[in-house]
Structure formats: C-alpha cells, structure tokens
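Derivation of every value follows stated rules applied to the coordinates shown; laboratory data play no part. It should be emphasised that the depicted structure is a prediction, and the values quoted were computed from it without experimental measurement. Here Cβ is always computed from backbone atoms with ideal geometry, including for glycine, and neighbour counts include all displayed protein chains.
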Amino acid sequence: MNKKATRDSFGEALAQLALENENVVALSADLTGSARTAQFKEVAPERHFNLGIAEANMISVAAGMAANGKISFASSFAMFASGRAYDQVRNMVGYPHLNVKICASHSGLSAVENGATHQALEDIALMRAVPGMTVIQPCDDRETRQAIRTVSEYEGPVYVRLSREPVEEINDESYHFEIGRGVIIHEGSSPIAMFATGCLVQQSLKALKLLKQQGIDPTLINIHTIKPIDEELIVRYAGESDFIVSLEEHSVMGGLGSAIAEVTASRCPVRQLFIGTQDVYGESGRFDQLLEKYGLSAEKIAERIVEFAGK
C-alpha cells in the first residue's frame, strides 16, 4: 500500500493552487523544504516569502497580506507555528479574523529526530482556544488535498495540522471533504464508538482487526475537523454506545478528547476512554517506537479498549 506524509500532500496541493489563484501566497520560516512550500516556490517564486527563523514575524506578514486581500498560507513546524507565534496568531490573525491558513508540519511525535523541543503535543489545545479559529487534521493524502483546497475557499483563519511521517491511504475516489463533518470509516456491531484524528485513524483501523479477533467490533469515525466539531455525529453515536474512545497523537488535555467531552457532557453524557499522550513531553526515536511507548500503536489501542470494556 502506498504511503505519503500529509505534509507532502499539502505541498503538492498548494503548488496547484498557486497555478490557479494569483491571490494565494506562501510564507515559510526558513523551512521551505521541510514544510513543503518549495513546490509553490518553483511555480510562483514571486509569491513565496521566506521570513527566516522568525515565526512571529512570518505570521505578522501573513496577516498583513491577508488584510490586503491575499490568501496567506504560512508554514512552519507545529511547535513553532502554534507556540512561538501564539501572540501573533491570537492578536493579528484571530482577533481581526483574517484569511490566514497556518499549515503546520511535524506535528505530534512526528518530529522524530528533533525530540521533545520540536514535538507539538499541545498545539491543538492552543489553536482550538483561539476564538474563530478552525482546526483541521487530515488523515491521508486525498483528505489533505481536498482540505487544502477547501480552506483556500473558506474565509477566515484556519490551523491545519500536518505530519512528517508517511501514512496509508484510507479514503477512496468517492471521498468528499467538508469542514465540520466527521466521516464514518467503519460501522461496527458493538456498542462502542471510536473517534480518531490524523495518523491515529490508521492505527485505529489496525486496532479494529485485533479487536475483532476478540469479538469486539467498534464503530470508527474520522474527526478531521476538531473545531468546529461534528456535534450531531458525536451525540448520535454517544447515545448508542456503552462507552466512546477518543484517539489522538496529542495530549489528552485540550485536544480531540476534550472537544468530544465538552459535547457529551452537555448533551449526552457517556463513559469515555481518552487515548493520547498523558501530560508528557516527547523524545527522539523511531516513529513506531514512540507510538508504542506512548500507547498509541494499534496493539496498545486494542489493549486499552479491551481493558476498558471489562471495567
């Protein structure tokens, strides 16, 4: 099965947009290669801007361009796009509700060689808290390409969370991306619903096979848009389930699991198993090793669900 990192899909989709829309501009913080804006630079060098290792300035320039009618795509590592530039994101992009698309690569544990200082495990929480910010995390190549095109047509600030590590393709040619709408990947027969985002959609699919061997067949739903989240879909499956599971390559505090719990607490209370990192920093290592250590591999996911189901 072919694999592709969502940052690669982003770079290809952005380059295509450059050819179609002269109002699209791309900005990089000295990571033109890593954040995959190099392809945009090849086809539209006059609309590509490398601001150097100065993420706050990059966001400020992106905001200025958006205020003058441009569709600004600003890219860096997720740790720096969300953390180092938070003041500018909040006050110069979010507050005036400008048309800036922050496309952040190397999210979660995927900055494998760089370790804890570069691994953003709290970026969803930060960006979700910015009023008016849309937060999206695509799970594969096709979803990423459609998401980038969709956000280019959407008016307002967007944070798109991208990964360095290649992932398998999940969605077929019939797939249609829509902001704020979850996608049912597998309709199960057991009263358990799994809500996954990003690369944990792939791990959850693998976990399903292991769970079926033990007579457990949960429903699996891809939540690509964490804000605004698909409340109706969550309420529907929460109401039919003995318990639900949130799965994310992010801290369990403030991310997908928290967003789901906010919905169910007020509309449809249900037991919830939170699968994500547990108030920790990351570390250097192979991606598969890190997923295993932090309980995010298919095997660990299946173990946790079996254990929770027995409580």
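Tabulated data
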quantity: Global geometry of segment 192-288, whether rounded, prolate or oblate, following the gyration tensor of its Cα atoms and the 1.5 cut on a/c; calculated: oblate
quantity: Cα gyration tensor shape of the chain, rounded if a/c is under 1.5, else prolate or oblate by comparing a/b with b/c; calculated: prolate
quantity: Sites matching chymotrypsin sites (Phe, Trp or Tyr not before Pro) across segment 228-311 that sit in DSSP coil, with at most 15 neighbouring C-beta atoms within 10 Å; calculated: 281
quantity: Taking 246, 258 and counting other C-beta atoms within 10 Å, the order from fewest to most; calculated: 258, 246
quantity: Among beta bridges that DSSP assigns inside segment 3-168, antiparallel share in %, nearest 5; calculated: 10 percent
quantity: Under-16-angstrom lysine pairs by C-alpha in the chain, whenever the two are 8 or more apart or on separate chains; calculated: 6
quantity: Stretch gain in nm, segment residue 179-residue 240, where the contour uses 0.36 nm per residue and the Cα spacing is subtracted; calculated: 19.5 nm
quantity: Sequence-distant residues sharing a close amide H with residue 294 (under 5 Å, placed H); calculated: none
quantity: Segment 56-73 - phi-based ³J(HN,Hα) in whole Hz, Karplus 6.51/-1.76/1.60, Gly and Pro as x; calculated: 4, 5, 4, 5, 5, 5, 4, 5, x, 5, 5, 5, 10, x, 8, 9, 8, 10
quantity: Normalised contact order of segment 183-309, rounded percent, pairs of Cα under 8 Å and 6 or more residues apart; calculated: 28 percent
quantity: Backbone HN-Hα couplings from phi across segment 141-154 [Karplus 6.51/-1.76/1.60, Hz, Gly and Pro as x]; calculated: 4, 4, 5, 5, 4, 5, 5, 5, 5, 5, 5, 5, 9, 8
quantity: For the chain, calculated [θ]222 nm from helices alone, where every DSSP H run of n ≥ 4 adds -39500 (n - 2.57); calculated: -10000 deg cm²/dmol
quantity: Length released on extending from residue 289 to residue 172, taking residue separation times 0.36 nm less the Cα-Cα span; calculated: 39.2 nm
